[in-house]
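The values are calculated or read from the model by the stated rules, or taken from the named source; none is laboratory data. Computed from a predicted model, the values in this text were never measured in an experiment. As a convention, Cβ positions derive from the backbone with ideal geometry for all residues, glycine included, and neighbour counts pool all protein chains shown.
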Amino acid sequence: MQYTLRNVPRRVDATLRRKAKEEAKSLNEAALEALMMGAGLAEEPITFHDLDVLAGTWQEDAEFDRAIAAQDKVDARLWK
């Protein structure tokens, strides 16, 4: 099936072109993926793994906690 789309908003065009370039895909492939996702027909839900390496690695650190606590204090002279 072939479609011709008109009046594509500039933001949509720019986003699709950027996505196609980033993923080394054609504009057609990027547009089809976006249509399928928008229509709820994607084969698999997108699962992001960019932070997986950090999962479960948190370590308690008293010095870090003190630094964060210091950032939570409001300087009344600056907050007027």
Find all pairs meeting these conditions: Cβ atoms under 7 angstrom apart; at least six residues apart or on different chains; first residue within the range 5-29 and closer than 20 Å to residue 42 by Cβ; second residue of a type outside the set (A, V, I, L, M).
20/26; 20/29; 27/17
With (1) more than 18 Å from the chain's Cα centre (by Cα); (2) of a type outside the set (Phe, Trp, Tyr); (3) modelled with pLDDT of 90 or more as the list, and residue 39 as the residue in question, which single condition is left unmet?
(3)
